[in-house]
Every structure is written in structure tokens, then in C-alpha cells.
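Novice: Structure below; questions to follow.
The values are calculated or read from the model by the stated rules, or taken from the named source; none is laboratory data. What you see is a predicted model, and the numbers here were worked out from it, not measured in a lab. Glycine gets a Cβ as well: all are built from the backbone with ideal geometry, and neighbour counts include every protein chain shown.
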Amino acid sequence: MSNCAIVGINWGDEGKGRMVDLLTEDYDVVVRYQGGGNAGHTVINEFGKFALHLLPSGIFRNGVVNILGNGVALDPENLWTEMRDVMEKGVALTPDILKISDRASLLLPWHREQDVLEEARLADKKYGSTKQGIAPFYSDKYQKKTVLAGELFYPEELKTHLADLLEWKNLTLTKVYGAAPFTMEMLDRWIADACEKIKPYICDTGEFLKQAQKDGKRILFEAQLGSLRDLDYGIYPYTTSSNTTAAYAPIGAGLPSAKLDNVVGVVKAYSTCVGEGPFVCEMFGEEAEALRKAGFEYGAKTGRPRRVGPIDLVATRYGVEVQAATEIALTKLDVLCYMEKIPVCTKYILNGKETDRFPFPSALKQAKPVIKYFDGWQCDISAARTWEELPRAAREYVSFIEKEIGCKITYVSVGPERDSIIIRK
Ligand code: GDP
């Protein structure tokens, strides 16, 4: 397959990083096409364990070129910290293997601050932001009030541009939030420190991708978060501020002419959700704690305990549909081994009626899950590498999900390591 997108089907944290790390073996280029440093893709390989926030998960593969596309929220400070951590563990990050789009907008120093101020203002009505400045960044991008990475090559024009933005942003910071203003000196320091460090990596990645496409290179598009966090198709307003769907990949990557041959949707064998918003299948109490502990469900970026529940087939079916997934990677099946009976949400009850359609966001709060129980397998499956090695109960569980969501489960992941995978081609 020449062009492939790897996307989250649920609320994020499905294990996309682990799948990109595995599948990059077959690709020449990996492009992150949306989102910022507000989530973490966990990758475990021969270099160690990494929580990548902005770097594409293909940086560990020899010969793979990694690109941060124009659709990402490019935070120079966080990116540089992440690059340094990875380099310290022995991964050579040169401009040959990491390229940053000159058309990516820069997350400016005030975006994180504004995020914190707004969450504080919202008090008990907060959105559950990771406070990485993503929402203020994207709203400013759409207001045309940020700068492009390529502007770093035009220092005089950049200064004038930043001075205008500074004046505008200080109005909001001081008058709306009563916070201290930013100064030009602060911006100068930011340019001299973080921006200078990443500057050697900035180039016309659109041109690079066009050439790669002409040369028949295989391109992998990497998403952040999941379908239900998509700005247009997710549980608005508890979404992220960009499009996490595969359809956006060519735009955000910088290759609008790209056609996707394959979309791998990553689904977790149970549900998790970080932050606020409706979560129909949520478990509470001891049952939730046991699942959280078994799956180690704490945010890669924030350490926050994730909300947990059984797999939600209504939401998953919807996620598969909006992603137009062509195949599925089901992750963390091994986590369920402690359960005697495994709950599965097959439908919702809404207005007294059963439905298998994912409701409009405002109606989600009223929806109640219909739960069906499956026999557990109650043994360790993490060493299984073939479908036949899985216990019958585990195969029945996977096959039921596959039938209900109407998409082939090609990969079954039974552990976080690169090779803990069953491939059913
Ligand atoms: P992403 O943002 O979608 O890449 O997901 P995260 O990295 O936030 O969360 C996935 C977590 O599950 C990471 O800690 C992975 O190492 C881990 N993981 C991925 N696949 C499996 C699996 O099949 N089994 C287990 N036990 N852990 C997994």
C-alpha cells in the first residue's frame, strides 16, 4: 500500500504510536498532520520507552523521513525539549530524517498561558484542557493571528509581524483576564532560544512530499487523538481543536493531492477517555479502578487517571465510519485477562428506545448503555503471536467486535512491545 493513515477510532490513547512504530517498517515517510503536544504516543523499542508528543513515531526507524506537517500546532519550546530527550537516548535526529513544514503555524509563548487562564475562568465548567495552548493556538490560526515557521527566515518581517500580534494579544491578556502583558524582549528570547534550535529542520516539506509521491515512496500519515475528539465529528465542545479524521490527512500533511489507499483505525479492547465530556459507558468504583490499574490508564502527558469503561460498539462503529477505516488494529486485549465476565456496550437506550446510532452530542448525556457479557479467558495471552494461539473466548470476543463494527480486525495487539502483535492478513 503506498499511502496509509493510522488514526484513532475512539477518544484517543488507543495505542496509535505503538502501531505507527510497528508499521513504519513498510514506509519511507511518516507525517504528523494535526494536533500538538497535548497528547502522548507511547512507543517502546530498542532505544527505550518514549512518550512522543509532537515528534512523528517513525523517528526510530532507519531510513524513514519524518515530517511535521502544516496542520500541526508547532510549539518550538516543547518540540525542542522532546527532540533533546530523544537524542540523549541515542536517536540521531538530523534535518535529513526530521523535517518541519515552513507552513506550520507556530504556537506562541502566550498560547499556553491563555489556555491556563481560560480554564481557570471556566472553573467548574472547564473543558479539561491539557493546558498546552492548543485551543488558543488553533483559534488564533483561524483568525490569522499567528506566524508561520518559515517566517523565521525573514527576521525583519517577523519582528514587525510579532509586534502587531503582541499588541493585539496583550489586549486580551490584560483586559479580559487581568494578567501581565508579554513583552517584545520575551519574544526575542523565544526566537533566540527555542526557534533557533528548530530552524535547521524547517523547509518546504510540501515540495519534498510531492517529489516523494512522484518517486513512488510509501507515505504514512499519523494522527493524534481519536474520532470522538474531532472538531467537526466528535463530542463537541469536548473535542480537540483540529480534525483528527483521516480525510484531513492530505491537507494537514501538506500533500493535498494524496489519496489514501488504506486507513488503519486503532481501537482499544475497552474504552478510556481523558478529561471532561459525556462518556456513556463509564465505569465507577472498584470495577473502574481494577481496569485502570490493569491497563495502566494514566495520561502520557498529564499523568491524569483516565476514565474507563467497556468497549463501546456504538461509538466505535461511528468512529470507524467517520474515519472510513479499511482495517482495524485492536489493542490491549491482554489487559482484559483478569476479567471473569467481560462487559461490552452493544447499543444505547435513548428516549426509552434502543439505538445503535451515535447520538448528537447534546443527547449523549441522556444515553444509557446496553451491556452484554462475554466469558473471559482468564489467562495471560501476551505471548500469543498467532490467532490460533489465542484462547477460544478471546477469539470470540474479537470476532464479535469485528462483526459489529463491520471492519476487518487485521492486527490484535497483546502487549506494548513492538513484536507483541498478532497479524491476521
Ligand atoms: P496513543 O496516543 O494512541 O499512541 O496511545 P497512548 O500511548 O497514550 O496509550 C497507549 C498505551 O498503551 C501506551 O502506554 C502503550 O505502551 C500501551 N499499549 C499499546 N498497545 C498495548 C497492548 O496491546 N497491550 C498493552 N498492555 N499495552 C499496550
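Novice: Which of the residues spanning the stretch 319-344 are within 16 Å of the ligand (Cβ to nearest atom), among the acidic types (Asp, Glu) and not in a helix (DSSP H, G or I)?
Specialist: none
Novice: Still on this model: Of the residues in the stretch 1-15, how many are more than 13 Å from the ligand (Cβ to nearest atom) and part of a loop (DSSP other than H, G, I, E, B)?
Specialist: Filtering the stretch 1-15 for residues more than 13 Å from the ligand (Cβ to nearest atom) gives 1-5.
With the extra rule that they be part of a loop (DSSP other than H, G, I, E, B), the set shrinks to 1-2.
Qualifying residue count for the region: 2.
Novice: Can you pull out every residue in the stretch 397-407 that is surrounded by 14 or more Cβ atoms within 10 Å (Cβ to Cβ) and either in a loop (DSSP other than H, G, I, E, B) or not hydrophobic (A, V, I, L, M, F, W, C) (or both)? I'd like the intermediate steps shown before the answer.
Specialist: The first filter runs over the stretch 397-407 and keeps only residues surrounded by 14 or more Cβ atoms within 10 Å (Cβ to Cβ), leaving 397-398, 400-402, 404-405, 407.
If the condition is that a residue be surrounded by 14 or more Cβ atoms within 10 Å (Cβ to Cβ) and either in a loop (DSSP other than H, G, I, E, B) or not hydrophobic (A, V, I, L, M, F, W, C) (or both), then Tyr397, Glu402, Glu404, Cys407 are the ones that fit.
Novice: Looking at Thr316, Thr410 in this structure, which one is surrounded by 15 or more Cβ atoms within 10 Å (Cβ to Cβ), within 16 Å of the ligand (Cβ to nearest atom), of a type outside the set (Lys, Arg) and outside any strand (DSSP E or B)? If you could, list the steps in order and put the result at the bottom.
Specialist: Values: Thr410 fails: outside any strand (DSSP E or B).
Every option except Thr316 fails the conditions.
Novice: Checking Gly63 against (1) touching a helix residue (DSSP H, G or I) at 6+ places or on another chain (Cβ under 8 Å); (2) more than 13 Å from the ligand (Cβ to nearest atom); (3) in a loop (DSSP other than H, G, I, E, B): exactly one of these is not met. Which one?
Specialist: Failing condition for Gly63: (1).
Novice: Hey, among the residues in the stretch 16-44 that are near the ligand (Cβ under 7 Å from one of its atoms) and crowded, with 24+ Cβ neighbours inside 10 Å, which one's farthest from Asp419 (Cα to Cα)? Lay out the reasoning, then the answer.
Specialist: Here is the first cut: in the stretch 16-44, the residues near the ligand (Cβ under 7 Å from one of its atoms) are 16-18, 39-42, 44.
Adding the requirement that they be crowded, with 24+ Cβ neighbours inside 10 Å leaves 16-18, 39, 41.
Details: Lys16: 15, Gly17: 14, Arg18: 10, Ala39: 24, His41: 17 Å.
So the residue we want is Ala39.
Novice: Going by the conditions given, is Tyr248 in a loop (DSSP other than H, G, I, E, B) and surrounded by 12 or more Cβ atoms within 10 Å (Cβ to Cβ)?
Specialist: No.
Novice: Could you say whether any residue in the stretch 163-186 is within 30 Å of Arg317 (Cα to Cα), aliphatic (A, V, I, L, M), buried (at least 17 other Cβ atoms within 10 Å of the Cβ) and away from the ligand (no atom under 16 Å from the Cβ)?
Specialist: Applying the first criterion (within 30 Å of Arg317 (Cα to Cα)) to the stretch 163-186 yields none.
Checked the stretch 163-186: no residue is within 30 Å of Arg317 (Cα to Cα), aliphatic (A, V, I, L, M), buried (at least 17 other Cβ atoms within 10 Å of the Cβ) and away from the ligand (no atom under 16 Å from the Cβ).
Novice: Please enumerate the residues belonging to the stretch 251-275 that are within 19 Å of Gly319 (Cβ to Cβ) and either more than 16 Å from the ligand (Cβ to nearest atom) or in a loop (DSSP other than H, G, I, E, B) (or both). Quick ask: steps written out before the conclusion?
Specialist: Initially, the stretch 251-275 is screened for residues within 19 Å of Gly319 (Cβ to Cβ), giving 252, 260, 262-275.
If the condition is that a residue be within 19 Å of Gly319 (Cβ to Cβ) and either more than 16 Å from the ligand (Cβ to nearest atom) or in a loop (DSSP other than H, G, I, E, B) (or both), then Gly252, Leu260, Asn262, Ala269, Tyr270, Val274, Gly275 are the ones that fit.
Novice: Please enumerate the residues belonging to the stretch 114-169 that are outside any helix (DSSP H, G or I) and either at pLDDT below 95 or more than 22 Å from Tyr201 (Cβ to Cβ) (or both).
Specialist: Quick first cut of the stretch 114-169, residues outside any helix (DSSP H, G or I) only: 126-133, 143-148, 154.
The answer is Lys126, Tyr127, Gly128, Ser129, Thr130, Lys131, Gln132, Gly133, Gln143, Lys144, Lys145.
Novice: Any residue at all in the stretch 294-302 that's in contact with a helix residue (DSSP H, G or I) (Cβ under 7 Å, 6 or more places away or on another chain), hydrophobic (A, V, I, L, M, F, W, C) and buried (at least 18 other Cβ atoms within 10 Å of the Cβ)? Give the steps one after another, and end with the answer.
Specialist: Looking only at the stretch 294-302, we keep the residues that are in contact with a helix residue (DSSP H, G or I) (Cβ under 7 Å, 6 or more places away or on another chain), and these are 294-295.
Narrowing the set further to residues that are hydrophobic (A, V, I, L, M, F, W, C) leaves 294.
Restricting the remaining residues to those that are buried (at least 18 other Cβ atoms within 10 Å of the Cβ) gives none.
Within the stretch 294-302 (the criterion being in contact with a helix residue (DSSP H, G or I) (Cβ under 7 Å, 6 or more places away or on another chain), hydrophobic (A, V, I, L, M, F, W, C) and buried (at least 18 other Cβ atoms within 10 Å of the Cβ)), the answer is no, since none of the residues qualifies.
Novice: Could you tell me which residue of the stretch 45-56 is surrounded by the most Cβ atoms within 10 Å (Cβ to Cβ), considering only residues that are near the ligand (Cβ under 10 Å from one of its atoms) and among the aliphatic types (A, V, I, L, M)? Before you say what the answer is, go through the steps one by one.
Specialist: Of the stretch 45-56, the ones near the ligand (Cβ under 10 Å from one of its atoms) are 49-53.
Subsequent filtering for residues that are among the aliphatic types (A, V, I, L, M) retains 51-52.
Details: Ala51: 15, Leu52: 25.
The qualifying residue surrounded by the most Cβ atoms within 10 Å (Cβ to Cβ) is Leu52.
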